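First comes the structure, then the notes that go with it.
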Amino acid sequence: MAKPTYQRVLVKVSGEALMGPGGFGIHQPTLDRIALDLVATKTLGVELGIVVGGGNIFRGMTVSQQGIPRVTGDMMGILATVMNALALESALEKAGVEARTMSALAMPEICETYERRRAVRHLTKGRMVLLAAGTGNPFFTTDTTAVLRAAEIGAQAVLKATDVDGVYSADPKTDSKAQRYERLTHQEAIERQLKVMDATAFALARENRMPIIVFSILAKGAIEAVLRGEGRSTTVSG
Ligand code: GTP
């Protein structure tokens, strides 16, 4: 059996991934399947921090185009990430792994507040930690949150789970000529304006030499495969 390369990673799960075949919210069988995929990594002994997006419930950018101020829209999106984190926390615990949600914004009646050392303590105790509420600030995406938290907790990589099997030169869903990359540097991703993550997230990853591995969450067992250095993915590194 191939030895896992990583001891601790940060998995970014998009909010949309939780919608499954639906167009909104949380599709319970999909949530349970993603939780099982995350739990399957336990056998590799890799510690997991998890950042979940909120786009299945709310997109700040979209509503701001319709009249709600951008800052308010972003804060509503932040609340959506907390809802998703709590849902995934329940699914992980149902699947037999201890999990803790920690929010960047204090909401003590709902979950723990993010504190780096406490997050690391949970991880070393074998708990999965869901890092909710983004960075706690408007104008920052959950991709940026994922890179930030990965650097803070000492993760060796960000695993970005999306609905395509890597990074392409254009959107492969709309452009049949889109080329898939096997490897890229952070700088190339920024210069080519690849849409897989925003430039802030890539820049932070570049500064911290944080590899980002992009893969499809639709393939069952994909997270474990990536951790084993198998499966289809694109690695963005320095
Ligand atoms: P260890 O001491 O590391 O084993 O951590 P622990 O999380 O088991 O201990 P603690 O007594 O801090 O937490 C017990 C339970 O309370 C856990 O489910 C925590 O997630 C929860 N908890 C801790 N702090 C808060 C908080 O500020 N708000 C909420 N809502 N729950 C909290």
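The values are calculated or read from the model by the stated rules, or taken from the named source; none is laboratory data. Computed from a predicted model, the values in this text were never measured in an experiment. Please note: Cβ atoms are built from the backbone with ideal geometry, for glycine as well, and neighbour counts cover all protein chains shown. Accessible surface areas use protein heavy atoms only, side chains included; no ligands, DNA or RNA. Shrake-Rupley method; radii C 1.70, N 1.55, O 1.52, S 1.80 Å.
General remarks:
- FRET efficiency, 1/(1 + (r/R0)^6) with R0 25 Å, evaluated for Q156 and E109 via beta carbons: 0.15
- Segment 1-104, dipole about Cα centre (Lys/Arg Cβ +1, Asp/Glu Cβ -1), debye to the nearest 20: 200 debye
- Placing pseudo-labels 7 Å out from each Cα toward the beta carbon at Q28 and R209 gives an inter-label distance of 4.7 nm.
- Percent accessible area from carbon and sulfur atoms, the chain, protein chains only, probe 1.4 Å: 53 percent
- Per residue solvent-accessible surface (Å²) - the chain, probe of 1.4 Å: 47 Å²
- Result for the chain in a Gaussian network model with C-alpha springs under 10 Å: among T174, T72, T81, the largest mean-square fluctuation is at T174.
- Annotation for T5 and S90: the two label points, set 7 Å from Cα along the Cα-Cβ direction, are 3.7 nm apart.
- Cα convex hull of the chain - mean projected area over all directions, nm²: 12.6 nm²
- Normalised contact order of the chain, rounded percent, pairs of Cα under 8 Å and 6 or more residues apart: 22 percent
- The modelled label-to-label distance for the pair M61/D163, using points 7 Å beyond Cα in the direction of Cβ, is 1.5 nm.
- Share antiparallel - DSSP beta bridges, the chain, percent rounded to 5: 20 percent
- Reachable lysines from K94, criterion Cα separation under 16 angstrom, eight or more residues apart if same chain: K42
- Sum of -39500 (n - 2.57) over DSSP H runs of 4+, divided by residues of the chain (222 nm, nearest 500): -10500 deg cm²/dmol
- Note on segment 89-131 and segment 191-229: Cα centroid distance 22 Å, given to the nearest whole angstrom.
- Exposed loop sites, defined as chymotrypsin sites (Phe, Trp or Tyr not before Pro) outside DSSP H, G, I, E and B with at most 16 other Cβ atoms within 10 Å, are absent from the longest region of the chain, namely 25-138.
- Computed about its Cα centre, the charge dipole of the chain is approximately 460 debye, with only Lys, Arg, Asp and Glu carrying charge at their Cβ.
- DSSP loop trypsin sites (Lys or Arg not before Pro) with at most 13 other Cβ within 10 Å: longest gap in the chain: 1-124
- For the chain, no complete DSSP H run has alpha carbons reaching 24 Å or more along its own long axis together with a mean Kyte-Doolittle score of 1.0 or higher.
- If you sort I190, I26, I223 by accessible surface, 1.4 Å probe, largest first, the order is I26, I190, I223.
- Lysines whose Cα lies under 17 Å from that of K160, excluding same-chain neighbours fewer than 8 positions away: K12, K195, K220
- Using a Gaussian network model of the chain in which every pair of alpha carbons under 10 angstrom is joined by a spring, one finds that among E191, E152, E182 the greatest mean-square fluctuation is at E191.
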